Structures are given as structure tokens and as C-alpha cells.
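This report refers to the structure that appears directly beneath it.
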Amino acid sequence: MAVRTFLSFVEEDLNLVNLFRGQARNANCDLEFSDYSVKIPFDSTNADYIGRGIRDQIKLSTLTICLYGPSTYSSQWVNWELNKTLELGKPIMGVYLYADGRIKYYPSPLKDWPRVKWDIPLIVATIEKLATNYRRG
């Protein structure tokens with residue numbers, strides 16, 4: 001059974017996120033990705049509407065993966081998505097996009113959850129473990 005994952009990230013990392021999607025697909029993994037690429041400020045008049053759309057995507061997912069770079073920790077939307085996932089009783093994990101020391105902080109909701117390097121077999125193994133534990137309840 002495919003593991004549907006919600007991807008949480010900031011817009012400036014979109015090129016790396018697309019590369020990640022491609023590499024994961026090429027690894028013949030049974031994964032499905034969804035996201036709600038948000039370009040609207042968190043405090044905009046459309047925030048409630050956008051939040052409902054994001055929540056609906058998270059509800060359909062087994063878990064959320066946060067693909068994070070140097071500034072992701074400060075994104076209100078990313079933190080909201082991760083907290084909403086946890087509120088819905090679903091697991092989260094982080095994948096750091098750079099291993100060269102430029103990432104100093106990660107989004108705070110990831111504190112007690114797996115944070116792994118960009119290594120597709122490791123990421124897939126972590127996803128499968130979290131999904132199995134989630135499905136067991």
C-alpha cells in the first residue's frame with residue numbers, strides 16, 4: 001500500500017523539493033506526495049481558507065515530511081503544517097536539504113521526531129517505520 005506523505009517546505013526550496021520528489025520516484029518507492037505550496041502570507045485575509053485546504057491534504061496523508069533549509073524554521077506556515085499534523089495524531093519527520101553546516105535551526109515541532117540527511121534509502125526506511133507505527137495505532 002502506498003504511503004501518502006504531505007510535504008512541508010518553504011517556497012525558496014522548491015527546486016530542491018522537486019529534485020527530492022524525482023529521486024524518491026526513481027527509487028521505485030511506493031510513496032505519494034502532496035503539498036499545498038503556499039505563497040500567501042500567514043496573516044493574510046485568505047489564511048483561513050488556505051489553512052482548510054492544507055488541513056484537508058494533511059488528513060488524506062499518513063505523515064508529513066518537512067524538507068528544511070536554513071530559513072525554514074522561521075516559516076509560520078511550515079510550523080502550522082507540522083503542528084496541524086501532530087494535532088491530527090499523525091507522525092512527522094524532517095529531511096535537511098544541506099549537509100554543509102548552513103542549517104543552524106530546524107522547525108521546532110520536529111524536536112522529538114526523526115531528522116535525517118538527504119539519503120533516499122534512509123528517508124524511505126524512516127517513512128516506512130513511522131507509517132507502520134501510525135497504522136498500528
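The values are calculated or read from the model by the stated rules, or taken from the named source; none is laboratory data. Just so it is clear, the model here is predicted, and its values are computed rather than measured. Because the Cβ atoms are built from the backbone with ideal geometry, glycine has one as well, and the counts that use them run over all protein chains shown. Surface accessibility is based on the protein's heavy atoms, side chains included, excluding ligands, DNA and RNA. Shrake-Rupley method; radii C 1.70, N 1.55, O 1.52, S 1.80 Å.
Applying the condition of being surrounded by fewer than 17 Cβ atoms within 10 Å (Cβ to Cβ) and within 14 Å of the chain's Cα centre (by Cα) to the range 116-137 and asking which residue is nearest to LEU63 (Cα to Cα) yields VAL116. Is one or more of the residues making up the range 58-71 at pLDDT 95 or above, more than 13 Å from LEU7 (Cα to Cα) and open to solvent by less than 20 Å² (accessible area, probe 1.4 Å)? Yes, the range 58-71 contains a residue that is at pLDDT 95 or above, more than 13 Å from LEU7 (Cα to Cα) and open to solvent by less than 20 Å² (accessible area, probe 1.4 Å).
Restricting attention to the range 90-115, report how many residues are open to solvent by less than 50 Å² (accessible area, probe 1.4 Å) and more than 13 Å from LEU67 (Cβ to Cβ).
Within the range 90-115, the first condition is being open to solvent by less than 50 Å² (accessible area, probe 1.4 Å), and the residues that meet it are 90-95, 97, 101, 103, 107, 109-110, 114.
Subsequent filtering for residues that are more than 13 Å from LEU67 (Cβ to Cβ) retains 90-91, 101, 109, 114.
Going through the range 90-115 one residue at a time, the tally reaches 5.
Within the range 1-19, track down each residue that is farther than 17 Å from SER75 by Cβ, modelled with pLDDT of 75 or more and not small (Gly, Ala, Ser). Quick ask: steps written out before the conclusion?
If we filter the range 1-19 for residues that are farther than 17 Å from SER75 by Cβ, which is where we start, we get 1-5, 18-19.
Keeping just the survivors that are modelled with pLDDT of 75 or more gives 2-5, 18-19.
Across the range 1-19, the qualifying residues are VAL3, ARG4, THR5, ASN18, LEU19.
For the range 20-32, which residues satisfy the criterion of being open to solvent by 40 Å² or more (accessible area, probe 1.4 Å) and either modelled with pLDDT of 85 or more or at negative phi (or both)?
GLN23, ARG25, ASN26, ALA27, ASP30, GLU32
If the condition is being buried (at least 22 other Cβ atoms within 10 Å of the Cβ) and not aliphatic (A, V, I, L, M), then the range 78-89 contributes GLU81, THR85.
Every residue, every condition in (1) among the hydroxyl-bearing types (Ser, Thr, Tyr); (2) closer than 19 Å to LEU14 by Cα; (3) modelled with pLDDT under 95, yes or no:
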position: SER34; (1), (2), (3): yes, yes, yes
position: TYR49; (1), (2), (3): yes, no, yes
position: SER74; (1), (2), (3): yes, yes, no
position: GLY89; (1), (2), (3): no, no, no
position: GLY94; (1), (2), (3): no, yes, no
position: GLY101; (1), (2), (3): no, no, yes
position: ASP112; (1), (2), (3): no, no, no
position: ILE127; (1), (2), (3): no, no, yes
